[in-house]
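Here is the structure we will look at.
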Amino acid sequence: MHQLVIFDLDGTLLNTIADLGEAANHTMAALGYPQHSPQSYPTMVGNGVARLIERALPDSARTPDIRDQALEIFRDYYDRHLADHTTPYPGIPQLLDELTARGIAVAVASNKYEAAVRRLVRHFFPAIEWAAVCGNIEGVPVKPDPSIVFRILADHPTPKAATLYVGDSGVDIETARRACLDSVGVTWGFRSAAELRAHYATHIITTPAELLPIALA
C-alpha cells in the first residue's frame, strides 16, 4: 500500500479555471490589453501565475516592468476572488476522506503562489489533515522541477516507492518522473489524455474513485 499521495491543485483537486481566467482578464483590461476567451485559459495555466500572465500579455508587452505590474494586479484581484467560482471536482472530497481513513497521507504540490494555495485548501478541505501543503515560493523553481516534491518528502519522510504523484498535465507527469515517483494522470482537469500519455504517465484515470485501488496497491 502507498503511504503518501501528492496532488496537484488546479485541474486535479479543484476546478479553478474560471477564477484564474477572470483574474487574468481583469489584469489585461486594467492595462488596456485584449482579453482572452474562457476556453483559451486551460492551455495557458499550469506553470505558475507568472507564466500565465506572460502568456496572456501581447508579445510586445512582455517586458519585465509590465510583467511585474501585471502580476501585482493579478494577485490583488485573485486574492479577493479566488473562490468565487472554484469548486472541488466531483468525487474529490470523498476520495480524500477515503485515503486518509485508510491511513494514507495526502499532500498538495502546486505551481500557484503558496499563500493562495493554502487559502484554497483550507477553504475547500478544512477537515483534511494534510501532510504538507506547498505552493510556489520565491527563489524556488516551479514544476516540472521536482524541488517542491523534495520539500514535501522532507516535511513528511516517505520512501519514493510508497509515494504517488497525481496531476492533470504533462508538467505534473514530468515532475513525477524527475522526482522518480510513479504518476497518475487525471483526465477531468485542464489537459488531455493524449498529453498525459505523451509524457508517459504510469497510470491514467477518468474518475477520482479509480485512484483508490492504485493507492492501495
How large is the charge dipole for the range 17-81, taken about the Cα centre, if only the Cβ atoms of Lys, Arg (+1) and Asp, Glu (-1) carry charge, to the nearest 20 debye? 160 debye
Mind jotting down the distance between the C-alpha centroids of the range 150-217 and the range 100-117, whole Å? 13 Å
Estimated distance in nm for a label pair at Thr187 and Arg55, the labels positioned 7 Å out from Cα along Cα-to-Cβ: 2.2 nm
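Calculated from DSSP H runs of 4 or more alone, at -39500 (n - 2.57) each and per residue, what is the 222 nm mean residue ellipticity of the chain, nearest 500? Could you put the intermediate results ahead of the total?
Working: 9 runs with 92 residues, N = 217.
Roughly -12500 deg cm²/dmol at 222 nm, from the helical runs in the chain.
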Only Lys, Arg (+1) and Asp, Glu (-1) charged, at Cβ; the chain dipole about Cα centre in debye: 320 debye
With the cut-off at 1.5 for a/c, could you classify the range 17-81 from its C-alpha gyration tensor as rounded, prolate or oblate? rounded
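What is the packing order of peptides 183-190, 165-172, 59-66, taking the mean over residues of other C-beta atoms within 10 Å and listing the highest first?
Ranked from most to least packed, the peptides come out as 165-172, 183-190, 59-66.
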Here the FRET efficiency for Met1 versus Arg67, based on Cβ atoms and R0 = 45 Å and rounded to 0.05, is 0.50
Tell me, what ³J(HN,Hα) does each residue in the range 105-110 have, in order and in whole Hz, if you take phi through Karplus 6.51 cos²θ - 1.76 cosθ + 1.60 with θ = phi - 60° and put x for Gly and Pro? 6, 10, 9, 10, 10, 10
Using 10 Å bins from zero, what percent of all Cα-Cα pairs in the chain falls into each bin? 8, 36, 36, 16, 4, 0
Under the rule a/c < 1.5 gives rounded, and otherwise a/b versus b/c splits prolate from oblate, where does the range 99-206 land using the Cα gyration tensor? rounded
Using the Karplus curve 6.51 cos²θ - 1.76 cosθ + 1.60 with θ = phi - 60°, what ³J(HN,Hα) values do you get for each residue of the range 39-52, in whole Hz, with x for Gly and Pro? 5, 7, 6, x, 8, 9, 9, x, 10, x, 5, 4, 6, 4
Describe numerically, in nm with one decimal, the distance between label points set 7 Å from Cα along Cα→Cβ at Gln94 and at Leu31. 4.3 nm
Could you work out how far apart the two model spin labels at Ala198 and Ile137 are, taking each label as a point 7 Å from the Cα in the direction of the beta carbon, and quote it in nm? 3.4 nm
Per DSSP loop assignment and a cutoff of at most 13 other beta carbons within 10 Å, the chain keeps its longest run without exposed GluC sites (Glu not before Pro) at 1-128
If r is the Cβ-Cβ distance from Arg80 to Ala161 and R0 is 45 Å, what FRET efficiency results, to the nearest 0.05? 0.60
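No value in this document is a laboratory result; all are computed from the given coordinates. Every value quoted in this text rests on a predicted model; they were computed, and no experiment measured them. With ideal geometry, Cβ positions are generated from the backbone for all residues, glycine too; neighbour counts draw on all protein chains shown.
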